[in-house]
1. Look at A175 and say whether it is under 18 Å from D123 (Cβ atoms), touching a Leu at 6+ places or on another chain (Cβ under 6 Å), among the small types (G, A, S) and more than 16 Å from ligand 2 (Cβ to nearest atom).
2. Could you check, for the range 49-60, whether at least one of its residues is more than 26 Å from A15 (Cβ to Cβ), open to solvent by 10 Å² or more (accessible area, probe 1.4 Å), touching a residue at least 12 places away in the same chain (Cβ under 8 Å) and out of contact with any Cys (no Cβ under 9 Å at 6 or more places or on another chain)?
3. Looking only at the range 439-466, how many residues end up being in contact with a strand residue (DSSP E or B) (Cβ under 7 Å, 6 or more places away or on another chain) and either farther than 22 Å from F500 by Cβ or exposed (fewer than 15 other Cβ atoms within 10 Å of the Cβ) (or both)?
4. Of all residues in the range 476-493, how many are more than 13 Å from ligand 2 (Cβ to nearest atom) and open to solvent by less than 50 Å² (accessible area, probe 1.4 Å)?
5. Where in the range 292-408 are the strands (runs of 3 or more DSSP E), entirely inside, with at least 3 residues that are not polar (S, T, N, Q)?
6. In the range 556-582, which residues are among the charged types (D, E, K, R) and either farther than 20 Å from E593 by Cα or part of a strand (DSSP E or B) (or both)?
7. Name the residue that is farthest from ligand 2 (Cβ to nearest atom), counting only residues in the range 178-195 that are among the charged types (D, E, K, R) and within 22 Å of D151 (Cβ to Cβ).
8. Go through (1) loosely packed, with under 13 Cβ neighbours inside 10 Å; (2) without any contact (Cβ under 8 Å) to a residue 60 or more places away in the chain and name the single condition M600 misses.
Amino acid sequence: MIKITLPDGSIKECAKQSTPMDIAKSISEGFARNVISAKFNDTIVETSTELTQDGSLLLYTWNDDLGKKAFWHSTAHVLAQAILFFHPNAKLTIGPAIEKGFYYDVDFGEDTISDNDFKKIEDKMLEFARQKFEFKLRSVSKADALSYYKDRNNEFKVELIENLTDGDITFCDHADFTDLCRGGHIPNTGIIKAIKLMSIAGAYWRGDEKKKQLTRVYGISFPKQKNLKEYLELLEEAKKRDHRKLGKELELFTFSKKVGQGLPLWLPKGAALRERLENFLKRAQKRAGYEMVMTPHIGQKELYVTSGHYAKYGEDSFQPIHTPKEDEEFLLKPMNCPHHCEIYNDKPYSYKDLPKRFAEFGTVYRYEQSGELHGLTRVRGFTQDDAHIFCTPEQLDQEFKEVIDLSLYVLSTLGLDNYTAQVSVRDMDNLDKYIGDSKLWDKAENAIINAAKDKGLDYVIESGEAAFYGPKLDFMVKDALGRTWQLGTIQVDYTLPERFDLTYKGSDNQLHRPVMIHRAPFGSMERFIALLLEHTGGNFPLWLTPDQAILLPISDKYKNYTEKVLQLLENHEIRSLLDDRSEKTGKKIRDAEVKKIPFMIIVGEQEESEGLISVRRHGGEDLGKMTVEAFSSLINKEISSTLKEFKFN
Ligand SMILES: [Zn+2]
Ligand SMILES: [Zn+2]
């Protein structure tokens with residue numbers, strides 16, 4: 001008998017050679033029907049793997065990330081099977097699962113494939129899938145593995161096998177198809193009910209542009225037809241909400257080839273929106289005891305050598321700026337932290353002065369390859385809502401909690417309510433990777449975990465994910481389309497205080513090192529606005545939106561009244577536009593809808609005679625006639641229901 005520990009801590013006694021599927025069945029037949037993958041003692045195994053020793057077992061269904069991974073990786077085998085059916089001379093290379101779906105890199109030789117072949121391949125894959133072929137993993141000797149692929153002239157698989165250790169090599173068979181694979185499959189192909197090939201791209205063997213170019217076929221699959229339909233609808237919606245498209249429609253930002261790639265230019269409406277967002281955070285930060293500082297966009301190379309950023313970013317960064325006369329060397333700043341450390345160093349502090357909280361909307365520059373640039377989410381220059389807190393080790397606990405409060409305030413005000421926290425700590429088996437006193441690390445890790453607990457966060461602890469200089473907490477925010485964005489990093493740092501020789505005088509009259517916290521609730525203004533655009537579809541909260549109302553006079557007969565209303569709106573500080581084009585009102589309404597302006601104000605003969613305005617909400621709701629005063633209080637009421645003041649305890 002062997003002892004199998006399940007995630008709830010219960011222990012099952014099973015016969016030796018029991019498989020994960022046997023154990024799933026012993027829990028319940030219904031549950032077992034949904035189990036598609038398993039992990040035994042931290043190793044992914046097949047659901048049919050015979051277990052021969054005691055250990056802990058995790059069973060995965062489609063609802064688990066690792067379940068999906070097995071599902072998609074298994075479908076990649078079926079894709080390869082279908083490709084070989086149509087192109088028997090194609091050479092297979094690798095076919096992993098990815099975040100959404102899977103791909104297979106194939107050398108098609110003389111053959112080519114295009115989107116037009118997708119339907120045919122999908123149908124063949126489904127035909128194979130329906131036959132419920134079992135995935136069977138078997139060990140194979142290195143010599144046999146090599147000869148199998150040498151016989152098939154597949155130099156790619158031969159290269160892969162040559163780098164494997166004899167004894168560790170496995171093949172996976174299903175139907176009459178065999179692939180080199182280390183495992184992690186669903187029980188059989190019959191579970192795959194819906195398949196969609198998404199696209200084709202070129203990909204170099206092993207990602208090396210000096211090596212052969214292969215064809216990468218991307219696809220996705222699901223256990224139900226319904227899942228595929230929902231996924232495709234989500235993709236459609238994501239296209240509509242693409243921040244690059246909305247940014248253009250709403251006139252928020254642009255890019256210019258002349259200015260340079262990856263350098264966003266903020267248009268008046270975008271700049272106003274960004275300013276409002278910054279003021280919102282500045283106000284909360286002021287209440288939380290932060291002080292604003294300002295630092296230049298460049299710094300001497302030595303500054304970044306001291307901070308260690310030169311070693312990290314130096315090679316990939318923009319070229320240094322030289323001053324030929326005085327032979328100085330400057331770099332564009334990749335981070336604000338070194339500058340803030342020098343602000344701290346401006347004068348001596350005692351423990352009574354701490355914490356110091358220096359905040360800056362600091363623009364930083366990082367070289368990204370042009371192929372990697374993407375709208376506002378991957379850029380070469382961006383502004384961080386940065387702050388650095390310098391505190392005593394005793395204050396770390398409290399400071400960390402307060403930073404969490406501030407981050408949660410930002411997320412909830414902006415309607416980002418779906419998040420989890422990820423706490424990144426050391427890998428306890430590799431402690432020499434980390435710098436700093438181990439006791440301080442223990443303290444900091446505990447401070448973060450306690451803060452997360454104390455704040456009632458739904459958190460996971462990731463061992464080995466901490467930076468070498470300190471542990472951190474990230475918020476993983478889900479947007480309206482269910483996509484995850486990493487936001488609001490809070491990072492503890494022991495290195496920079498050391499490197500910059502930061503000190504404070506303790507109550508013992510001795511000099512001590514402060515602890516530093518880096519934090520940025522938005523992360524970068526650019527990326528955060530991209531997220532907001534895609535999350536809200538451009539329908540920003542009323543307090544943030546560039547224009548709150550648009551005035552649509554029915555004709556220029558009411559010019560005087562229109563001007564009077566416009567003046568009243570301005571007096572009430574309602575951000576308003578006027579559409580006085582001689583277009584039909586219906587067309588003006590449609591255009592205002594595209595611009596996502598929350599309220600449309602229509603004025604004509606009746607409104608003028610009654611001294612009222614007719615108000616229509618974005619999306620069509622008719623709010624009827626009212627005075628400008630009533631409209632103003634309606635707006636203020638809506639704003640105060642979403643924009644609450646930050647409460648600092
Ligand atoms: Zn496989
Ligand atoms: Zn920093």
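The values are calculated or read from the model by the stated rules, or taken from the named source; none is laboratory data. Nothing here was measured: the structure is a model prediction, and the numbers come from that model. Note that each Cβ is placed from the backbone with ideal geometry, even for glycine, and that neighbours are counted across all protein chains shown. Side chains are part of the model used for accessible areas, which takes the heavy atoms of the whole protein and leaves out ligands, DNA and RNA. Shrake-Rupley method; radii C 1.70, N 1.55, O 1.52, S 1.80 Å.
1. Numbers: under 18 Å from D123 (Cβ atoms): yes; touching a Leu at 6+ places or on another chain (Cβ under 6 Å): no; among the small types (G, A, S): yes; more than 16 Å from ligand 2 (Cβ to nearest atom): yes.
It is false that A175 is under 18 Å from D123 (Cβ atoms), touching a Leu at 6+ places or on another chain (Cβ under 6 Å), among the small types (G, A, S) and more than 16 Å from ligand 2 (Cβ to nearest atom).
2. Just the residues of the range 49-60 that are more than 26 Å from A15 (Cβ to Cβ), to begin with: none.
No - not one qualifying residue is present in the range 49-60.
3. Looking only at the range 439-466, we keep the residues that are in contact with a strand residue (DSSP E or B) (Cβ under 7 Å, 6 or more places away or on another chain), and these are 444-445, 448-449, 452, 457-463, 465-466.
Filter again for either farther than 22 Å from F500 by Cβ or exposed (fewer than 15 other Cβ atoms within 10 Å of the Cβ) (or both), leaving 445, 448-449, 452, 457-463, 465.
Counting residues in the range 439-466 that are in contact with a strand residue (DSSP E or B) (Cβ under 7 Å, 6 or more places away or on another chain) and either farther than 22 Å from F500 by Cβ or exposed (fewer than 15 other Cβ atoms within 10 Å of the Cβ) (or both) gives 12.
4. Going through the range 476-493, the residues more than 13 Å from ligand 2 (Cβ to nearest atom) turn out to be 476-488.
Those left that are additionally open to solvent by less than 50 Å² (accessible area, probe 1.4 Å): 476-477, 479, 481-482, 485, 487-488.
Total satisfying the criteria: 8.
5. Answer list for the range 292-408: 328-332, 356-365, 381-391.
6. D556, K557, K559, E563, K564, E570, E573
7. Filtering the range 178-195 down to residues among the charged types (D, E, K, R) leaves 179, 182, 193.
Filter again for within 22 Å of D151 (Cβ to Cβ), leaving 179, 182.
Details: D179: 46, R182: 39 Å.
Of everything passing the filter in the range 178-195, D179 is farthest from ligand 2 (Cβ to nearest atom).
8. For M600, the exception is condition (1).
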